[in-house]
Amino acid sequence: MKYQNKLLKYSASVLLGWCCLWLIATTALAQSNGESQQPQAAVAPSTIETLSSFVELRKALQKDIRTLNQQLQSTRSEAEKASLKQRLEKLESDLRTTTRNFENIAAGVDITTLRGEVTEEFNLQQEVFALVRPAIDEMKEMTARVRKKSELKKKIDYFEEQLPVITQALANIDTLKQAASNKSLMQTLQETEEQWSKQQAFIQSELQAAQLQLDKLNAAETSFAEASQSYLKSFFQKRGLYLTIALLVVASVILLSRLSAKVMQRYIPGFRAKHRSFKIRLVELLHLMLTVLFSILGPMTVFYLVEDWVLFSLGILLLFGIAWALRQTLPRYWSQIQLFLNVGSVREGERIFMEGLPWRVEQINVYSTLVNPVAGISQRVPIDELVDLKSRPSQTDDPWFPCGQGDWVILSNGIRGKVTGISHEMVQLVERGGARVTYQMADFLAASPRNLATNFRVKEVIGLSYALQREITAVIPEALQNYLTQRIHQEGYGDQLLNLRVEFAAANTSSLDIAIIADFKGEAGDLYNRLRRAIQRWCVDACSENGWEIPFPQLTLHGSLSASE
């Protein structure tokens, strides 16, 4: 059935979504495995030197902290106490930082997460983030290496900018010491120099720690081939089985859906009818919705049962994204459901106008069928394209198309030809002699084609002399009609002739006009111009046999006389 195409489309979208989940999850797994499976490198001499400098710096900081604590206990000035507390807090912060750097360098990895530090809380509601947090943590883990490298580079740049300033400050203090002779000034400069020297040592230690961590991260990076191998290995070892089971569940749902559809077609009366009832359409719609629903819930159930919360959270995020994208289109989907149930603005068997042509709605389904019965063309359109249209019951005399294939037509520009091809975009004509003329559909309809396929009329006028005035209204028309009837049958056009009338038309300026009106069958449409010429020829022959004068126009005659005079 046609709805199966839509079912396959929805299922393919679901499969594509789960493939995206597979890529994200397995990439994260490969990244984490790549970090955990790096071979242990030999201890570099620079690491030992850095650790030694950290030990010395810690001792100096601890000594300064003890000194400040003693000064804080002995002083009584509130202003001095505040200054000492501020310096003490700075030294304690530097000591904690130095200790943390020492532990990270000694351990060879970032052990910040082992210290039990409080993680940042989420701003959104905890109920929502409890479902999607595993996926977010997995994505953060994917970019942890890149973010860590970026932070270290910024840290190195900052300390490299600070070191020259401190070095210049120490040089200036040393110059002042050499020039100073006051003992108190010398003591103050000495204390200031010691503080800046300690700050310089601290910044150098921070710089060395950041540089070592950055070097280790760069050394731990693997090549593309190794990362691909690790990626495939981790996939087949951990999440490959779960994703395979999820895809098998989707395939099973689709297979069961097709089998159940065949059962309904076989055992439900009228299920295959051209125009189905509302109940049958409702059953088919529910069957389609359940198929899509189970195709989505099946993999989610698999991830829940195997307790793979990363894939489950990624699935939740994917569903949230789909729901957010569909929130603006829900009214349109509701209109499509109404059309599918044949209770909307367009209904089966009625007439709509689309793309510049009228169409009969042959069948409404996920892909609907539209037919133009006269033009002999049809098209299959998605049901979404019918949402903004409306249909009406078709009447027996409603025109569908100006012509059909094989008809002879005359356009407003005088071109006459046989219609040999009609499509949604173009109409092709073949003129007498074989020349082909092609029009776009809009241009062809704008040319107001006159169809000769049913019956057509040829009207010709011949003028006679005013000398025949007595006979022109009755005798001559009757005689001319009898003569034309005889000639038409003699030359083989009698079977196509439907009606022939010869009447007095008008008293013209230089002649008395007679109108010849001949109606022919549509099968003689290709002879339209030949019949016009034949009628003129037969009229001239009749005038010659009966001695009827065909005058020149009076203006031409008078002009000739004036020229001769």
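The values are calculated or read from the model by the stated rules, or taken from the named source; none is laboratory data. All of these numbers come straight from a predicted model, not from anything done at the bench. Glycine also receives a Cβ, built like all others from the backbone with ideal geometry; neighbour counts cover every protein chain displayed.
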- prompt: Checking residue 388 against (1) part of a loop (DSSP other than H, G, I, E, B); (2) of a type outside the set (A, V, I, L, M); (3) out of contact with any Ser or Thr (no Cβ under 9 Å at 6 or more places or on another chain), which test does it fail?
  reply: (3)
- line: Matching residues in segment 155-192 (in contact (Cβ under 8 Å) with a residue 24 or more places away in the chain and not in a helix (DSSP H, G or I)) number 0
statement: Among residues of segment 455-477 being part of a loop (DSSP other than H, G, I, E, B) and of a type in the set (S, T, N, Q), the residue surrounded by the most Cβ atoms within 10 Å (Cβ to Cβ) is 465
- request: Considering only segment 392-454, give the strands (runs of 3 or more DSSP E) lying wholly within it that have at least 2 residues that are within 28 Å of residue 518 (Cα to Cα) and not basic (Lys, Arg).
  value: 408-410, 416-422, 426-430
task: Examine segment 268-286 for a residue that is more than 30 Å from the chain's Cα centre (by Cα), among the hydrophobic types (A, V, I, L, M, F, W, C) and more than 26 Å from residue 345 (Cβ to Cβ), and state whether such a residue exists.
output: yes
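Each row is one residue, and each column tells you yes or no for (1) part of a helix (DSSP H, G or I); (2) surrounded by fewer than 16 Cβ atoms within 10 Å (Cβ to Cβ).
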| position | (1), (2) |
| --- | --- |
| 479 | yes, no |
| 482 | yes, yes |
| 488 | yes, no |
| 499 | no, yes |
| 504 | no, yes |
| 524 | yes, no |
| 527 | yes, no |
| 542 | yes, no |
| 545 | yes, yes |
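So that you can scan it fast, the table gives a plain yes or no per residue for (1) surrounded by 11 or more Cβ atoms within 10 Å (Cβ to Cβ); (2) in contact (Cβ under 8 Å) with a residue 24 or more places away in the chain:
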{"position": "393", "(1), (2)": "no, yes"}
{"position": "400", "(1), (2)": "yes, yes"}
{"position": "411", "(1), (2)": "yes, yes"}
{"position": "414", "(1), (2)": "no, no"}
{"position": "418", "(1), (2)": "yes, yes"}
{"position": "421", "(1), (2)": "yes, no"}
{"position": "427", "(1), (2)": "yes, no"}
{"position": "433", "(1), (2)": "no, no"}
{"position": "442", "(1), (2)": "yes, yes"}
task: Say whether the condition of being surrounded by 17 or more Cβ atoms within 10 Å (Cβ to Cβ) and either among the β-branched types (Val, Ile, Thr) or assigned by TED's automatic domain parsing to the domain that holds residue 243 (or both) is met by at least one residue in segment 318-331.
output: no
message: Checking the conditions here, which among 406, 376, 349, 356 is surrounded by fewer than 17 Cβ atoms within 10 Å (Cβ to Cβ), touching a residue at least 60 places away in the same chain (Cβ under 8 Å) and touching a strand residue (DSSP E or B) at 6+ places or on another chain (Cβ under 7 Å)?
response: 349
- prompt: So how many residues does segment 71-85 have that are within 29 Å of residue 206 (Cβ to Cβ) and surrounded by fewer than 11 Cβ atoms within 10 Å (Cβ to Cβ)?
  reply: 1
query: Which of the following residues is within 19 Å of residue 399 (Cα to Cα), outside any loop (DSSP other than H, G, I, E, B) and out of contact with any His (no Cβ under 7 Å at 6 or more places or on another chain): 380, 360?
result: 360
message: Anything in segment 495-515 that is out of contact with any Gly (no Cβ under 7 Å at 6 or more places or on another chain) and at pLDDT below 90? List them, or say none.
response: 509, 510
